[in-house]
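Take a look at the structure set out below.
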């Protein structure tokens, strides 16, 4: 963001590479029990599996991140957290903060993922296997990151996720300076609006996300929005 909210791209928008199809058949999230977030356990983190999961409304987290070979759990929360692209809340103080940072995109993807997975953070679930999987998705053009830098050029906040057609599935964010993760959110919404996206998925609504306008929708409604977002761009 140059002073007031524009991302400095370091390369043109990537053309994602469709990976080899997954050898697993993903379950039907729509058939999951209402209010039950966990849909399945198993499979792998291959690019084809990840894309099939996100296109079906699911995302992975390790069952036991402290084990070297943790099994993968697949979640489709009910309700699901989303950020309406026309409903972001930007406070006066945040507007002032926008002028203090520079925002770039895709310049430090792995560094952002590792910062989000800092072992010192509570509830850590971003393992080396998760990092490797999403770095590979970035290499293929699906993984995207937004990086916030201070006036000394230091990375002080950011977020990452997968862009699949009109969907941006946000995975995690971090901050090392006040408002840095919120600035990343503002920049992300600006980018999504500018590039024709229709759905910003944030998995679960936290107090932090709610303060910026995140809302909950039923899994049924989320899957309907997801289908439209993916079909819109022919993914």
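The values are calculated or read from the model by the stated rules, or taken from the named source; none is laboratory data. In this text, all values refer to a predicted model and were calculated from it rather than measured experimentally. Note that we place each Cβ from the backbone using ideal geometry, even for glycine, and neighbour counts take in every protein chain shown.
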Checklist entry - Would you call residue 201 crowded, with 21+ Cβ neighbours inside 10 Å and not in a loop (DSSP other than H, G, I, E, B)? => result yes
Next on the checklist: I'd like the full set of residues that are assigned to a helix (DSSP H, G or I) and in contact (Cβ under 8 Å) with a residue 40 or more places away in the chain, limited to region 183-198.
Outcome noted: 183, 184, 185, 186, 187, 188, 189, 190, 191, 192, 193
Next on the checklist: So, in region 148-162, exactly how many residues are within 17 Å of residue 14 (Cα to Cα) and surrounded by 24 or more Cβ atoms within 10 Å (Cβ to Cβ)?
Outcome noted: 2
Next on the checklist: With the structure loaded, tell me whether residue 19 is surrounded by fewer than 17 Cβ atoms within 10 Å (Cβ to Cβ), touching a helix residue (DSSP H, G or I) at 6+ places or on another chain (Cβ under 8 Å), assigned to a loop (DSSP other than H, G, I, E, B) and modelled with pLDDT of 95 or more or whether it fails that test.
Outcome noted: no
Checklist entry - Of the residues in region 49-61, how many are closer than 15 Å to residue 203 by Cβ and in contact with a helix residue (DSSP H, G or I) (Cβ under 7 Å, 6 or more places away or on another chain)? => result 6
Checklist entry - Could you count how many residues in region 108-128 are part of a loop (DSSP other than H, G, I, E, B) and at pLDDT 95 or above? => result 1
Checklist entry - If you go through region 216-223 one residue at a time, do you hit one that is without any contact (Cβ under 8 Å) to a residue 40 or more places away in the chain, buried (at least 17 other Cβ atoms within 10 Å of the Cβ) and in contact with a strand residue (DSSP E or B) (Cβ under 8 Å, 6 or more places away or on another chain)? => result no
Next on the checklist: So for region 55-65 (the condition being at negative phi, crowded, with 16+ Cβ neighbours inside 10 Å and over 18 Å from the mean Cα position of the chain (by Cα)), does at least one residue qualify?
Outcome noted: yes
Checklist outcome for this item: Considering region 125-137, residues that are touching a helix residue (DSSP H, G or I) at 6+ places or on another chain (Cβ under 9 Å) and surrounded by fewer than 20 Cβ atoms within 10 Å (Cβ to Cβ), and then whichever is farthest from residue 202 (Cα to Cα), we arrive at 136
Checklist entry - What are the residues in region 165-182 that are in contact (Cβ under 8 Å) with a residue 40 or more places away in the chain and either in a helix (DSSP H, G or I) or in contact with a helix residue (DSSP H, G or I) (Cβ under 6 Å, 6 or more places away or on another chain) (or both), if any? => result 165, 166, 167, 169, 172, 173, 174, 179, 180, 182
Checklist entry - Any residue in region 98-105 that is touching a strand residue (DSSP E or B) at 6+ places or on another chain (Cβ under 6 Å), part of a strand (DSSP E or B) and surrounded by 23 or more Cβ atoms within 10 Å (Cβ to Cβ)? => result yes
